[in-house]
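Visitor: Attaching a single structure in structure tokens format; questions to follow.
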Amino acid sequence: MSEALGLRERKKLRTRHALIAAALDLFMEKGYEQTTVSEIAAAADVSTRTFFSYFASKEDVIFSNSREGVESVLRVIAEPRPGDRAIDLLARAVDSGFSAITLDEQLQGEIGPINHLVMTVPSLRARGLLLLFESQRELAEALHRACPEELSLVEASAIVGAVIGGGKLATVVSLSNGGSAEEMLKAGREASALVLSALRTASTPPL
């Protein structure tokens, strides 16, 4: 029974990846607005009905991995180790996020096209900014809950915004300069580490 379930889940994962790959290829070739859901389904060799069992819309294809990434980082923050301070939790959470992408070749291949589309399609840019702010709010609230005696919610919001914002901006700049997926990840990781280091140095007492 468990083996059959495992096979079924793997098949669903393959179909999901096929839909994302087909959508990104068509978006980059034809344009996001010009591509239809039926064309994506046909390119992935599935029905339109199957598409809607995985994604609610074309837009959801672009942001399909965002929620998983946020929840993964939130789990890290919710599990502090003995002696952890807020900055330690945030540093480990950020590192886990970058590591998850680095270890996932499928996800790495999607980073470039997705970021390009988010930066060039107005509706996707608006959704991307909304999700970015929402995820930062969730992270700040989680960090405050984990370290209520150390950080106020305002302070948690400030350091989360600085670290996540710095990393995101670095990846966007790297993309704008023609950086590869590996270069974008490296830029984001280095920028986040730089901000974390500055926050440790500037804090009294140190974070």
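Visitor: Residue pairs, Cβ under 7 Å, 6 or more apart or interchain, first in segment 142-158 and closer than 19 Å to residue 132 by Cβ, second open to solvent by 60 Å² or more (accessible area, probe 1.4 Å) and small (Gly, Ala, Ser). List them.
Guide: 142/78
Visitor: A further question on this structure: Got a number for residues in segment 27-45 being under 21 Å from residue 112 (Cα atoms) and touching a Leu at 6+ places or on another chain (Cβ under 7 Å)?
Guide: Adding up the residues that qualify gives 6.
Visitor: I've got another one for you. Taking into account only those residues within segment 17-61 that are touching a Pro at 6+ places or on another chain (Cβ under 9 Å) and open to solvent by 50 Å² or more (accessible area, probe 1.4 Å), which is farthest from residue 124 (Cα to Cα)?
Guide: Here the answer is 25.
Visitor: With the checklist (1) of a type outside the set (A, V, I, L, M, F, W, C); (2) part of a loop (DSSP other than H, G, I, E, B); (3) closer than 15 Å to residue 135 by Cα in hand, flag the one item residue 81 doesn't pass.
Guide: (3)
Visitor: Here are some conditions: (1) in contact with a helix residue (DSSP H, G or I) (Cβ under 8 Å, 6 or more places away or on another chain); (2) buried (at least 17 other Cβ atoms within 10 Å of the Cβ). Residue 200 meets all but one. Which one does it not meet?
Guide: Among (1) in contact with a helix residue (DSSP H, G or I) (Cβ under 8 Å, 6 or more places away or on another chain); (2) buried (at least 17 other Cβ atoms within 10 Å of the Cβ), residue 200 violates only (2).
Visitor: What pairs come out if I take residues in segment 102-114 that are in a helix (DSSP H, G or I) and pair them with residues that are of a type outside the set (Asp, Glu) and at pLDDT 80 or above whose C-beta lies under 6 Å away, six or more apart or interchain?
Guide: Once the first residue is in a helix (DSSP H, G or I) and sits in segment 102-114, its partners that are of a type outside the set (Asp, Glu) and at pLDDT 80 or above give 106/17; 107/101; 108/181; 111/181; 112/181; 113/24; 113/28; 114/62.
Visitor: Next question, about the same structure. What residue, among those in segment 1-55 that are outside any helix (DSSP H, G or I) and charged (D, E, K, R), is nearest to residue 104 (Cα to Cα)?
Guide: The selected residue is 45.
Visitor: State yes or no: is residue 157 open to solvent by less than 60 Å² (accessible area, probe 1.4 Å) and either farther than 30 Å from residue 31 by Cβ or of a type in the set (S, T, N, Q) (or both)?
Guide: Taking the combined requirement at face value, the residue satisfies it.
Visitor: Among 97, 83, 112, 69, which is the only one that is within 21 Å of residue 200 (Cα to Cα) and either open to solvent by less than 40 Å² (accessible area, probe 1.4 Å) or modelled with pLDDT of 90 or more (or both)?
Guide: Of the residues listed, the single one that is within 21 Å of residue 200 (Cα to Cα) and either open to solvent by less than 40 Å² (accessible area, probe 1.4 Å) or modelled with pLDDT of 90 or more (or both) is 97.
Visitor: Considering only residues that are farther than 17 Å from residue 142 by Cβ and in contact with a Lys or Arg (Cβ under 9 Å, 6 or more places away or on another chain), look in segment 160-170 and name the one that is most open to solvent (accessible area, probe 1.4 Å).
Guide: This residue is 170.
The values are calculated or read from the model by the stated rules, or taken from the named source; none is laboratory data. Remember, it's a predicted structure, so these values are computed and weren't measured experimentally. All Cβ positions, glycine included, derive from the backbone under ideal geometry; neighbour counts span all protein chains shown. Heavy atoms of the whole protein, side chains included, go into the accessibility calculation; ligands, DNA and RNA do not. Shrake-Rupley method; radii C 1.70, N 1.55, O 1.52, S 1.80 Å.
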